[in-house]
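**Q** This is the structure, below, for whatever I ask next.
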Amino acid sequence: LAQSIGSDFTIHNLPLGVGLVDAKPKVLTRIGDEVLNLCACSEHGLLNGSVLSSEIGRKAIESTSLNALGGLGPTAWTELRQTVTRLVSAHEGVLRDDVKLREEVLLKAKEVSMLRPMNIGDYTDFYASKEHASNVGTMFGRDPPLNQNWINIPIGYHGRASSVV
């Protein structure tokens with residue numbers, strides 16, 4: 001498939017996301033100035049690896065978020081990346097040679113409204129840098145701002161989904 005020169009979204013960088021297609025959330029990936037509708041690819045039998053063609057794999061691709069796909073694990077992620085890379089490759093004729101199929105699975109990126117890709121219930125955050133931990137300690141009025149054990153023990157806390165954007 002044609003890729004814009006200088007695009008961040010080449011065959012080597014196929015990010016996953018969720019966007020509105022016909023007013024419905026769909027799992028997508030971007031290639032150049034276009035978006036590949038992975039749900040439509042699945043419906044056309046293009047995601048035919050052992051994981052993604054299974055019932056659980058199809059349901060994950062047809063989901064309205066990336067949560068189910070993320071839960072399938074590295075085998076599914078690798079299968080998806082390899083399959084999509086093959087489909088959009090200049091050497092693969094499935095999409096390249098079928099104008100009608102391309103029209104059904106590819107959209108102009110500028111015409112797709114992207115959504116938050118995952119539903120996050122909660123998470124655990126860690127003080128990942130000395131500066132971050134010191135700033136938080138200062139905000140809470142600690143003197144000294146860092147506990148003595150900070151260097152030896154990771155400090156984690158329960159976060160809120162509302163702070164994930």
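**Q** Please label the shape of region 1-104 as rounded, prolate or oblate, based on the square roots a ≥ b ≥ c of the eigenvalues of the alpha-carbon gyration tensor (a/c under 1.5 means rounded; beyond that, a/b larger than b/c means prolate, else oblate).
**A** rounded
**Q** Only Cα pairs within less than 10 Å get springs; with that Gaussian network setup on the chain, which residue of Glu131, Glu111, Glu79 has the largest fluctuation?
**A** Looking only at Glu131, Glu111, Glu79, the biggest GNM fluctuation is shown by Glu131.
**Q** While we're on this one: Can you give the accessible area of Asp97 in Å² (nearest 10), computed on protein heavy atoms with a 1.4 Å probe?
**A** 110 Å²
**Q** May I ask you to list the aspartates and glutamates whose Cα is less than 13 Å away from that of Lys26, ignoring any residue fewer than eight positions away on the same chain?
**A** Glu43, Glu62
**Q** Give the lysines whose C-alpha is closer than 29 Å to that of Lys24, dropping any in the same chain fewer than 8 places away, or say none.
**A** The reachable lysines, counting only those whose Cα sits under 29 Å from Lys24, are Lys59, Lys100, Lys108, Lys110.
**Q** Continuing with this model, one more query. Calculate for the chain the 222 nm mean residue ellipticity that helices alone would give, adding -39,500 (n - 2.57) per DSSP H run of length 4 or more and normalising by residue count, nearest 500 deg cm²/dmol.
**A** -9000 deg cm²/dmol
**Q** Against the longest alpha carbon principal axis of the chain, how many degrees, from 0 to 90 and to the nearest 10, is the axis of helix 74-88 turned?
**A** 40 degrees
**Q** Follow-up question, since we're still on this one. I need to check one value: relative contact order of the chain, counting alpha carbon pairs closer than 8 Å and at least 6 residues apart, in percent.
**A** Values: 220 pairs, mean separation 35.9, N = 165.
This gives 22 percent for the chain.
**Q** Rounded to the nearest 10 degrees, what's the angle between the helix 130-139 long axis and the longest principal axis of the chain, both from Cα atoms, 0 to 90?
**A** 60 degrees
**Q** I'd like the FRET efficiency for Lys110 and Trp77, computed as 1/(1 + (r/R0)^6) with the beta carbon distance as r and R0 of 22 Å, rounded to 0.05.
**A** 0.20
**Q** Here's something else I'd like to know. Using a 1.4 Å probe on the protein heavy atoms, what percent of the accessible area of region 78-132 belongs to carbon and sulfur?
**A** Solvent-exposed carbon and sulfur of region 78-132 make up 51 percent of the total.
**Q** Can you compute the FRET efficiency between Glu92 and Glu131 using 1/(1 + (r/R0)^6), with r the Cβ-Cβ distance and R0 = 45 Å? Round to the nearest 0.05. Write out the running numbers ahead of the final one.
**A** Numbers: r = 47 Å, r/R0 = 1.05.
About 0.40, to the nearest 0.05.
**Q** Provide the solvent-accessible area of Ser65, counting protein heavy atoms only and rolling a 1.4 Å probe, rounded to the nearest 10 Å².
**A** About 10 Å², ignoring ligands and nucleic acids.
The values are calculated or read from the model by the stated rules, or taken from the named source; none is laboratory data. This structure is a prediction, so every number in the text was calculated from the model and none was measured. All Cβ positions, even for glycine, are placed from backbone atoms using ideal geometry, and neighbour counts span all protein chains on display. Note: accessible area is taken over every heavy atom of the protein model, side chains too, but ligands, DNA and RNA are not part of it. Shrake-Rupley method; radii C 1.70, N 1.55, O 1.52, S 1.80 Å.
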